[in-house]
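Quick note: the coordinates plus some simple rules give every number you see, no bench work behind them. From a predicted model like this one, the values you see are computed outputs, not experimental measurements. Every residue, glycine among them, receives a Cβ derived from its backbone with ideal geometry; neighbour counts consider all protein chains shown.
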């Protein structure tokens, strides 16, 4: 399981980026720990993950598949499969909390035959 680190800097859009390399044949979970992002006492209510062409916030893609996004009270786990070799994707995970807060974090996925 891949754990999304919290110690890297924010990008210019205040979306957190972590970069991972994924084989196109693999099916892998990517975990985001929201402990330092969501205020104490609040929990994740819903989460969705959307795949985009790398560098775009509007052009979605089906080349890489979001197989599902699971949640606990403070984490999300997005499972990805597929992808085209030598292609980069952005996977944006959007959460809504029980307290009505909303936020996004984006995973940069480099698809390479490993």
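Miscellaneous remarks
- 20 Å reach of a label modelled at residue 101, 7 Å along Cα-to-Cβ, counting backbone N of segment 20-37: 31-37
- Rg/Rh for segment 2-111, where both radii come from Cα atoms and Rh is the Kirkwood radius: 0.95
- C-alpha center-to-center spacing [segment 85-114, segment 33-68] in angstrom: 4 Å
- Percent RCO, i.e. relative contact order, over the chain, from Cα pairs under 8 Å lying at least 6 residues apart: 33 percent
- Length gained on full extension, residue 53 to residue 94: 13.1 nm, using 0.36 nm per residue less the C-alpha separation.
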